[in-house]
Each structure stands twice: as structure tokens, then as C-alpha cells.
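These notes are about the structure you will find just below.
Read-outs throughout are calculated quantities, based only on the coordinates presented, and are distinct from any laboratory measurement. All figures in this text were calculated on a predicted structure; none of them were measured in a lab. So basically every Cβ, Gly included, is an ideal-geometry build from the backbone, and we count neighbours across all protein chains shown.
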């Protein structure tokens, strides 16, 4: 099936918003075995919309349309589709009822202009929109499929996830379902050698990607139904876990933050951090973990020598404060003591670059009841947080 | 002039990247008096690129193309344009020399494949790309303009700012130049009444916008040249400053952060902050201000009662620690004392919502040599930082 995406809205052509809907849809099509050839944006202008629609209808099997489903006169997506197909828009009693109830829940009368959001054409069925007042249309005619969805990204996402995705899966000859295993402690090449036989297989396929939070192994199974694909993934997962063992720290949407939050909570341990060069990023990271109240005791942003001393870093260490492992250890110990936490975590950085290390250096200190240690890592800005989290995770895991 | 934008790259159609280039260009065209009617994305496929190009050449006066200018075989934007126009690509000696020098600066030999980035066609002149190896083409033929630019957004931005913008301004019958005045202490309606006569004028036009950091007044002057427009803006600015006076805290790209950084530096005053609910955001904000080393003494993230006590908030205040103005004042005083700063700034929040206030409340404490004060504000997540910065700014300004 060859697909086409059309995003409708004058605000896109004025550069006021970026069309993220096209990417949202595009990124999901490969998993449905649908090839995307054309994407275009057009303003809220009926003549130009119809021109684009006619071309799409002639050259594509499936057409995705977002935007222009609002209640006002400038929203003409429905009218344009009806005219292109030579069909008449009629008010659907059920849609009207649903819409009136929606307004009623907010204690409002439905404005007359919203009535056009309750219209439908003969070749269309309605796509519910639980997140807004504009339902979509699912049109099947002359062997083509045309799907309209609301423009606000939040509404599009809900409509896609609750209806469009599964209806497309029913139509698809095959679905491709991915599962990503996140690992640490290997290079891309090293991980590749371990799973060499799986890399050579054609279904499920295995891809290897280097990311800020380690090497990702992405297994993707192609099958007639989602259930079959998931079964293949489950079998593949057994094999991958045999090979990679404890090196797998997470799957799919799991992040280092959520994993570490879980570890700290299970171990009933608390954490305090002190940082300078990272400027509060580390504290924010822990603070943002859901449930961090239970384990995160606080963060110390110690940009100045004065602040370091005030937080209990020994004065001689601060005075001789070239960033290094010594300072990182002292900061970690001070954070632990100052905030009475089980684990103190600290980071300081150096901008000094060398031919070997063009990024500067990040020093990471970790203190616990058994003492403190520190490591240095080349600083790559987007990797700093992941590097620190990995060190912390290793400490937590080594505590058994 | 009617314009069209074509973004080229298979990675766009696979949903791997969002096409932000189209928005970048689209948002600049209104200021050049250019109307944008069509935007489309197409993969690195010569047949489909030529189809899109032909349509654009027939219906649009000016065509902007980004992407597909790389050295590899899959980049076929140049080849497609040459074929569409029936022209032959030839290597330009000067472009080749520039390219070889570029590689030489990195101690590298130029790979043969890069040679095609030194090609040009008879109807094109070259657009320099100081940020990469792919120069653009500026084509004028049959009364049409076609401009190719590199796809990486950083390169596109440089090429646009250094060459394309000014060449388009020369072509434009008029330019529209905006200048934004950022104000505080007024409602949108209140500000509107003060500048009512300017709102009614047709050139320059004045627009009023409510933003997180206050009311913005955007003056936009239309003239034959940029110089004339700037002169009109200068005259308009005199008038706006007469009316709004000290309520204008910044112009165009100035942010509250840079203004406050400037105030603190000029007054040679230092700052320390303590926060809980905002989770390090406030400390990060100050830490990120260029030159903050000089005035920012450090941040205390005090999520827990224990941390508040450790930072010197009096124990009875912490024990009775319903977030409120009392706690905010005590936190501000403690931050000031603990880090020996001239000004202590603190924020704490409450999630309690009422019918009047569905957002919860942010409490802001400010302590200086003369004492401390605190205010409460409805919490709207994206406005919290701006609200706090305004309070700080007011304090700084009141110090004369």
C-alpha cells in the first residue's frame, strides 16, 4: 500500500507551527507495511485543498489528512473532501448527540457552528475523538482509504492510538512490532559479536544502535497479526536474555531514571547530590522521577568555592579545587553527610581539552557507608547525565 | 510573489526527523512580502523529485528547496534540478578549490564523492555555505527563482542569514521589519488602551500579545528597504517608550534572565536560591545565564524537611511546613545566610486547588539586607520561572 499525508492549516504555511503530525504518522507506517511516498502541507483554502486531494486520490492507496476539522468557517477539510468525492455532508444524529453531551458535561450549550463537526458523508464512518470535539472520518471507496484526523497533536495521538492504528492493523497484510532492549557495558561492536546469529536472521530482525544510555538492541518481528508478532518477540527475548544476561537494564520505554528510582525504592535507600558544572541538571533529573520524594533528599548546586565550603567540602580540598576525582569524592561525601543520605553523588567538570579528549572531562564521585570512589569520563554534554546514572546504577547493583 | 517550499529527504518520509526547515523558511516569508501557498516533502527519489519540481516550476514564482545536497549517491537534488531545467552540471573550479581547502583545514584529503558538491549549472550562481560542504544554488530563469539550501538545520540557518535573506530583500518590493517591546505590570487590555492610537495605525502596525514573560508589543514597519523600515521603527520606539516608560524591560531577543544578569552584575550583587517544588529549575535558570559565575553563589534543592533544616531554615518553620509565604520568607533568608549572598530567593509551592485557583499556588520569598518579603501567585507551570524572575527584577530595580 502506497500512502500519502496531507496536513491542512494556514498556520503551518505562515510558519507559526511546525507540522509534527506528518512525522507522527510517518514514523508509524513502516510497522504497518505501508510505504509513504508523498507528504504535503496546504492552507485552509478549498480550491488548493481539492487540488491536493485529487492528486492524492489518483496516485495513492491510502491518504492521511490532519487538520481543518474545527467549527469555524475557515476550517474546510470536510467540505473539500465531500466536494472531491461528489458526496453530500449530512448531520449524523448520533454524532450530534455525542457532541451536545460533551458540551453539556462542561455546563455549556453547543454553539451552532459546532454542528458541522457532527456531519458525515455516505462513504465515511466516524472515528471517535475522546480528546476533542472533532471526530474523524474513515472513508473507503473505489479501493482507496482516506482518513481524516484532528490537527491538534494531542487529539491526533489519541485518535491514532485508540482507533486508527488497530483498524490499519486489520487491513495490513502484515504488522511489524518492535521491542528494544537497552544494555550497558558493551561497545556497539562487542554487542554485535555476541548476537551475531540473530543479526543474520531475517524475521525477527535485530538492529544495534549506540545511544546516550548505552547500546540498544531492537528486535522487530513481522507477522500477520500483532499477537503472532508478540509471540515471536517473546521467543527472541528469551534468547537475547540468555546472551546478554544482566547487561540488559531496560526494555522499550524504561529509562535509567525509572530503573534507578525503582532500585532505590526497593532497597529503601536515600540519595543526595552535589554538582557544579552540570548546573542543577542532575538534581532536576532525580527530582523529576515519579515517587522521588521517597528517596531523594535534596540537591546542592555548588558553583562557587564558597558554596562548596558551606556544604561541608573540606576547605583545603576546595582551595586546591582543580576539578578532579579528589574533589568529586569530597563533594560526594559532603553531600551524603550534609543531607544525611545513604548515598552521596557528586559531579564536577573540567573544560581542559587535549588531542585525545576534545570534550573536557566529567568527574563523578559516589559515597556510601563503605567509603567513596570517583571516576573520570570524557565529557560529552548529552551523555553526562547518562554516564552519572550508570555509575550510580552499578553501585546500587553491587550492593546486592 | 507566490512561493513554494520543497523539503527533500527519505528520512523525513520514514518519520525519523521532523521537517523544521519548512517552518524556518515559512516564518520568514511574510516579512519579505512573499506569499507561501505550497509545502511538500519528498524522498531521495529522482522521478518523484522531478515530478514535484515541475509542478512547482509551473505554479510558483519562487521555490525554496532544502536537503539532498550531500556527497553520496542517494543525494539527487542537484541532478533532479538539472534534468528538470534541461541543463548540464559542471564542476566549478572555484567551488572545488574552496571545498578542497575546507577538507585541508581538517588535515583531510577530499573524497572523490564530494566533487559533486562543487558542481553548478549555467542558470545558477553559488550560495556559500560556511557551515558545511554543500553550497546552495541560486537559480534565476524564465522569471522564476529557485533556491537550493542544505538540509541540516544549522547549515540552512547560516546560509539563510548570511546570503538568502539579503538577496531576497533586494528582490522584494517591500520588507516588513518587526521590533518587539517586552513589558510587565499591565494586562493585555490595559496595555492596549495606552497605545490605542498606535494600534489603529496601518504602518507601522502594532500588535499586542500576552506571553509568559509579560505583555509584548510588536511594532512592524513596512518599507521599500530595510533601512527605511528601521527608521520608522526608531521613530515608533520613541513614542512607545514615552507611553510605557519603565514598564519596558526588554527588546526583541532580550530575556528576563539576561536583563537580571545584567542588573546583578552592574550592581555587583550576588544571589543564592532555595527551591523545593520547582526541582532545580530555578538554579538551572541562573546557572545558564552567561557570566553567572560573577553573581550566582549556588542553589539549594530542598525537597525534604531534612534538607531545609540542613540549609538553615529554622526547625519550627519546617515542622509547620505547609507551603506558604512564611516558609518562602524563611527559605529566602536561609539561602541568603547559608551562601553568604546579597539576595536570597526562594520558592515553594502548594498543589491545593480551589474553584478560584485551579493551578495550585507558588510562593516566592526574597531576602536582602533590609529584610524579607514574600508573595503568592497562582501556579501555572510554564509561568513559574517568569513570575519569580519578575519579583526579583522588581526588587533589584527598587534598590535604585
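Worth a mention:
- Label-to-label distances for residue B:109 across copies, nearest first, come out at 8.1 nm, using points 7 Å from Cα in the beta-carbon direction.
- Between this copy and the others, label points of residue B:11 are 2.8 nm apart in ascending order, each placed 7 angstrom from Cα in the Cβ direction.
- Normalised by residue count, chain B yields a Cα convex hull volume of 203 Å³ per residue.
- Average beta-carbon neighbours from other chains, 10 Å sphere, peptide B:20-27: 5
- Difference of contour (0.36 nm per residue) and Cα-Cα distance, residue A:58 to residue A:200: 47.2 nm
- Computed from the Cα positions only, the extents of the stretch A:256-394 along the three principal axes stand at 42, 30, 25 Å, in decreasing order.
- Per-residue [θ]222 nm for chain B (sum of -39500 (n - 2.57) over DSSP H runs n ≥ 4, rounded to 500): -11000 deg cm²/dmol
- Cα long-axis angle, helix A:325-338 against chain A (0 to 90 degrees, to the nearest 10): 80
- Label-to-label distance, nm, for residues given as residue A:268 and residue A:209 (7 Å Cα→Cβ offset): 4.0
- Extension gain (nm, one decimal) between residue B:174 and residue B:375, 0.36 nm per residue minus Cα-Cα: 67.5 nm
- Shortest-first nm distances, residue A:194 label point to equivalent points in other copies (7 Å, Cα→Cβ): 6.4
- Folded to 0 to 90 degrees: helix A:46-59 orientation relative to chain A principal axis, Cα: 80
- Applying Stokes-Einstein at 25 °C and 0.890 mPa s to the Kirkwood radius of the protein assembly as shown, computed over alpha-carbon pairs, gives a translational diffusion coefficient of 80 µm² s⁻¹.
- Of interest is the spacing of the C-alpha centroids, which for the stretch B:13-49 and the stretch B:128-142 amounts to 17 Å.
- Rounded to 10°, Cα long-axis angle of helix B:384-398 versus longest principal axis of chain B: 70
- Shown here is the pair-distance distribution of the stretch A:2-171: with all Cα-Cα distances grouped in 10 Å bins from zero up to the longest one, the shares run 10, 41, 37, 11, 1 percent.
- The mean number of partner chain beta-carbon atoms within 10 angstrom of a residue's beta-carbon across peptide B:7-18 is 5.
- Antiparallel bridges, percent of DSSP beta bridges restricted to the protein assembly as shown (to nearest 5): 65
- Remark: A:95, B:256 ranked as A:95, B:256, counting other beta-carbon atoms within 10 Å and listing the fewest first.
- Taking the DSSP bridge list for the stretch A:1-146 and keeping only pairs wholly inside it, about 40 percent are antiparallel.
- Packing around the peptides A:27-35, A:273-281, B:106-114, taken as the average count of other Cβ atoms within 10 Å per residue, puts them in this order, highest first: A:273-281, A:27-35, B:106-114.
- Averaged over A:283-294, number of beta-carbon atoms from partner chains that fall within 10 Å: 3
- Rounded to 5, the percent of DSSP beta bridges in chain A classed as antiparallel: 60
- Inter-probe distance in nm under a simple model that places probes 7 Å from Cα toward Cβ, at residue A:2 and residue A:83: 2.7
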